[in-house]
1. State all residues of the range 107-132 that are farther than 11 Å from S84 by Cα and not in a strand (DSSP E or B); if no residue qualifies, say none.
2. Can you name every residue in the range 11-23 that is within 19 Å of F68 (Cβ to Cβ) and touching a Pro at 6+ places or on another chain (Cβ under 6 Å)?
3. Quickly run through the range 52-67 and pick out the residues that are assigned to a strand (DSSP E or B) and either open to solvent by 10 Å² or more (accessible area, probe 1.4 Å) or among the charged types (D, E, K, R) (or both).
4. Of all residues in the range 61-73, which are at pLDDT 85 or above and touching a helix residue (DSSP H, G or I) at 6+ places or on another chain (Cβ under 7 Å)?
5. Looking at the range 3-29 only, could you name the residues that are farther than 22 Å from D82 by Cα and touching a residue at least 12 places away in the same chain (Cβ under 8 Å)?
6. Can you name the residue in the range 102-136 that is β-branched (V, I, T) and over 19 Å from E37 (Cβ atoms) and is also modelled with the lowest pLDDT among such residues?
7. Residue by residue through the range 10-29, note down the ones that are under 12 Å from the mean Cα position of the chain (by Cα) and open to solvent by less than 70 Å² (accessible area, probe 1.4 Å).
8. For the range 33-51, give me the residue count where each residue is in contact with a Gly (Cβ under 9 Å, 6 or more places away or on another chain), buried (at least 18 other Cβ atoms within 10 Å of the Cβ) and either free of Cβ contacts under 8 Å to residues at least 60 places away in the same chain or not β-branched (V, I, T) (or both).
Amino acid sequence: MQVLQVQLEVGADPAEVGRARRWARSRLVGSGIGADEPVAETLILLISELVTNAVVHTGCPAVLRMLFPMAPAAPVRVEVADASEAPPAPRHASREETGGRGLELVDGLADRWGWHHEGAGKQIWCEVDRAAAALG
């Protein structure tokens, strides 16, 4: 199956998260996913959380990749790689905390997610099934 892969280098600055969202939104449209499709907003939220985690928790630059299979029902994959070897650490934030829910959101929104070591760092990935998101 053919896959369109696009990637963006993200600097180690929290302001880069907004740039990553804008870039991802334009690539979604370019891949044939309409801005009004439910999967589009889900993917943008997942990208925002994964890029935020990489930039804020590691202090390292990151690389955002989006993989779009040419088959319409195939899952869209998002990958964020950074230079930190520290594994992602899901936690349960209290009601009063304003942060700490990123991986809980990823777990709730993505159909699958995980991580593995990549080079001297790691990659966190997630997938969203387009067909399931359209039914949502």
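1. At the first step, the residues of the range 107-132 found to be farther than 11 Å from S84 by Cα are 107-116, 124-132.
Answer for the range 107-132, where residues must be farther than 11 Å from S84 by Cα and not in a strand (DSSP E or B): D107, G108, L109, A110, D111, D129, R130, A131, A132.
2. Within the range 11-23, the first condition is being within 19 Å of F68 (Cβ to Cβ), and the residues that meet it are 20-23.
Once the filter is applied, which keeps residues that are within 19 Å of F68 (Cβ to Cβ) and touching a Pro at 6+ places or on another chain (Cβ under 6 Å), the range 11-23 yields nothing.
3. From the range 52-67, those assigned to a strand (DSSP E or B) are 62-67; that's our starting set.
Listed by number, the residues that qualify are V63, R65, L67.
4. Initial filter on the range 61-73 (at pLDDT 85 or above): 61-69.
A62, L64, M66, listed by residue number.
5. Within the range 3-29, V3, L28 qualify.
6. Within the range 102-136, the subset β-branched (V, I, T) is 106, 124, 128.
Filter once more, so that each one left must be over 19 Å from E37 (Cβ atoms): 106, 124.
On the way: V106: 93, I124: 96.
Only one residue tops the list, namely V106.
7. Within the range 10-29, V17, A20, A24 meet the criteria.
8. Going residue by residue through the range 33-51, those that are in contact with a Gly (Cβ under 9 Å, 6 or more places away or on another chain) are 38-40, 42, 48-50.
Those still in the list that are buried (at least 18 other Cβ atoms within 10 Å of the Cβ) too: 39-40, 42, 49-50.
Checking which are either free of Cβ contacts under 8 Å to residues at least 60 places away in the same chain or not β-branched (V, I, T) (or both) leaves us with 40, 49-50.
Adding up the residues that qualify gives 3.
The values are calculated or read from the model by the stated rules, or taken from the named source; none is laboratory data. All of these numbers come straight from a predicted model, not from anything done at the bench. With ideal geometry, Cβ positions are generated from the backbone for all residues, glycine too; neighbour counts draw on all protein chains shown. Quick note on the areas: whole protein, heavy atoms, side chains included, nothing else; ligands and nucleic acids left out. Shrake-Rupley method; radii C 1.70, N 1.55, O 1.52, S 1.80 Å.
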